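Right, one structure below, let's go through it.
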């Protein structure tokens, strides 16, 4: 009989084991909220799962141990000792139900609760309870205790569309569950037992009562002492849900769209800096109309890592079109391309910061540009021409370089310029090209790091190759030194920040881009739909935002690097003769701007010979002047600009004038 009994017991056990092993488990791979994290691993933004629930992954080692101790003390003291079903709890629950004529306690283990959550089953029906037991036993055979506990941490309901401890902690407390107060931990233990009726945001009184019962049990089980519990009882229950983090929303959307298979995106963004600059963006447009928009981009120019990306003043559907990411929108750069033109000109030997260049009305074929203020300053240094953002000098330099060379440099810098008709012209130097804020920040980053581009990146630990050299180290430093001498906006510190402003045609875009020894920041302001913003200048609206953005960086500005050893640091008078004054490549065939010119008689004219001689006039040049007729000196070393030339008689004659510097002009006329 003993042997038969043992055999029947073994047979029953084997069949029971086979029955458990044959259990078809629900899917254990949960759909989790996609997370976007900053460079320190903190949450920037999360997305709900397909059915609109917040369900964030939470490894066991990332939750406060106090919460785990409270959870086990209240829900399942023998969690680590039973096999999925706790016989003692089941017997106790059955006895209590018979004695009271109703269910007093369910006897469910955490594993059974996980089974119910996985299958979204009921708790009260006998059939459902038996199914939970079978699934719980099967789970214990296939998963470790920590894996089961992690499933509970991810699936426990907390009211509304909150699932999991992490989602609840962020929503109710505004923080990760890594460190919780005893009151917070107890509340998170209490809510899942009746998630809808104990929601703190809707039933704070019931939530508080349930929390206090958990605290009492925690004292009884020795998890906390009476003094800690007393302090926890005085802590208020949160009455509202806090919004989930939504920092760098445009960049987060881009990261998710580019790598949709990833559940977690680790970005180079500095979360604290991002938060500060999003607040700055709101300040920048406040009280300036309902359509004015702003975008701010910050990068470490040594590594190319993007530290902050503000695509708009608010990620929302409003008159500003806040859902549009203006860091990637195609806009006109205004004058912000001028530093690149000067750097290329320095490299080509067309000039030096101290080279003199004309700021006067000029025509380049059919193109006749004007200065923004319609005024002209005459002959000035290239340093001043860039600092004062004069248009005529930079167009002259672009004409000498050739627009194709400027376009090639932009492409080397990793930019994707868009030209009207796909044909770059001289207007490119004044903003006649489409670029993005990201393009411009990458260009200025190349100048800041000595002329070599490094593509901007926003994924942490991404392998970013070194880019091409755009300009020489010397030219890059010279341009940076010029921009560092620009006066700051009113009220901003004089910290020698190298920066340039720009305003596109029709006041559609206002720019300010600057760099110190480590960071580069770009600011764009305008309207997302491209309509004008009357009176908006880069120097007035964007530059103050740029300086405020630098003020929000940690620490002081990093100084600019020293000049490269081969830099020519001399005054204009000490420059080599060809660099003292700008002359285009065709200048050898052209008269200098102030060279002497025969003003009368005009070339090819018929003139009457007077009794006193032939009247002539000279314009430009430097006195004294010498006049020649057919190569024979007629008047020598005259300080006057008018003269009467003695002529031998009528006929064709070539008249020449030579000034004190040896420059000359000539005309051919017919004398009658």
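The values are calculated or read from the model by the stated rules, or taken from the named source; none is laboratory data. Source: prediction; values computed, not measured. Neighbour counts run over all protein chains shown; Cβ positions are idealised from the backbone, glycine included.
Return only the number of the condition from (1) over 19 Å from residue 381 (Cβ atoms); (2) modelled with pLDDT of 95 or more; (3) assigned to a helix (DSSP H, G or I) that residue 525 does not satisfy.
(3)
Taking residue 45, is it assigned to a loop (DSSP other than H, G, I, E, B), within 26 Å of residue 58 (Cβ to Cβ) and either at pLDDT 95 or above or not assigned by TED's automatic domain parsing to the domain that holds residue 169 (or both)?
Spelling it out, it is not the case that residue 45 is assigned to a loop (DSSP other than H, G, I, E, B), within 26 Å of residue 58 (Cβ to Cβ) and either at pLDDT 95 or above or not assigned by TED's automatic domain parsing to the domain that holds residue 169 (or both).
Being in contact with a helix residue (DSSP H, G or I) (Cβ under 9 Å, 6 or more places away or on another chain) and either surrounded by fewer than 24 Cβ atoms within 10 Å (Cβ to Cβ) or over 18 Å from residue 542 (Cβ atoms) (or both) is the filter here; which residues of the stretch 304-326 pass it?
Of everything in the stretch 304-326, those that are in contact with a helix residue (DSSP H, G or I) (Cβ under 9 Å, 6 or more places away or on another chain) and either surrounded by fewer than 24 Cβ atoms within 10 Å (Cβ to Cβ) or over 18 Å from residue 542 (Cβ atoms) (or both) turn out to be 304, 306, 307, 314, 315, 320, 323, 324, 325.
Have a look at 267, 277 and point out the one that is closer than 23 Å to residue 302 by Cα, crowded, with 21+ Cβ neighbours inside 10 Å and over 11 Å from the mean Cα position of the chain (by Cα).
The unique qualifying residue is 267.
Determine whether the stretch 466-473 contains at least one residue that is at pLDDT 95 or above, over 20 Å from residue 307 (Cα atoms) and assigned to a helix (DSSP H, G or I).
Yes: one or more hits.
Would it be correct to say that residue 431 is in contact with a strand residue (DSSP E or B) (Cβ under 9 Å, 6 or more places away or on another chain) and surrounded by 19 or more Cβ atoms within 10 Å (Cβ to Cβ)?
Yes; evaluated as a whole, the condition is true for this residue.
Could you run through the stretch 213-252 and say how many residues are touching a strand residue (DSSP E or B) at 6+ places or on another chain (Cβ under 6 Å) and at positive phi?
1
Somewhere in the stretch 292-300, is a residue surrounded by 21 or more Cβ atoms within 10 Å (Cβ to Cβ), over 18 Å from the mean Cα position of the chain (by Cα) and not in a helix (DSSP H, G or I)?
yes
Out of the residues in the stretch 261-280 that are part of a helix (DSSP H, G or I) and free of Cβ contacts under 8 Å to residues at least 40 places away in the same chain, state the one that is farthest from residue 35 (Cα to Cα).
Going through the qualifying residues, I end up with 279.
Just one of 152, 172 is within 30 Å of residue 278 (Cα to Cα), surrounded by 15 or more Cβ atoms within 10 Å (Cβ to Cβ) and in contact with a helix residue (DSSP H, G or I) (Cβ under 9 Å, 6 or more places away or on another chain); which is it?
On inspection, the qualifying residue turns out to be 172.
State the number of residues belonging to the stretch 542-567 that are surrounded by 14 or more Cβ atoms within 10 Å (Cβ to Cβ) and in contact with a helix residue (DSSP H, G or I) (Cβ under 8 Å, 6 or more places away or on another chain).
Within the stretch 542-567, residues that are surrounded by 14 or more Cβ atoms within 10 Å (Cβ to Cβ) and in contact with a helix residue (DSSP H, G or I) (Cβ under 8 Å, 6 or more places away or on another chain) number 11.
Among the residues of the stretch 410-424, how many are within 20 Å of residue 443 (Cα to Cα) and without any contact (Cβ under 8 Å) to a residue 40 or more places away in the chain?
Of the residues in that region, 6 qualify.
Identify the single condition in (1) closer than 20 Å to residue 268 by Cβ; (2) surrounded by fewer than 23 Cβ atoms within 10 Å (Cβ to Cβ) that residue 444 does not satisfy, given that it satisfies every other one.
Condition not satisfied by residue 444: (2).
Take the residues in the stretch 485-495 that are at pLDDT 90 or above and more than 18 Å from residue 338 (Cα to Cα), then tell me which one is surrounded by the fewest Cβ atoms within 10 Å (Cβ to Cβ).
So the residue we want is 490.
Confirm whether residue 40 is surrounded by fewer than 19 Cβ atoms within 10 Å (Cβ to Cβ), part of a loop (DSSP other than H, G, I, E, B), modelled with pLDDT of 95 or more and out of contact with any strand residue (DSSP E or B) (no Cβ under 7 Å at 6 or more places or on another chain).
Yes; evaluated as a whole, the condition is true for this residue.
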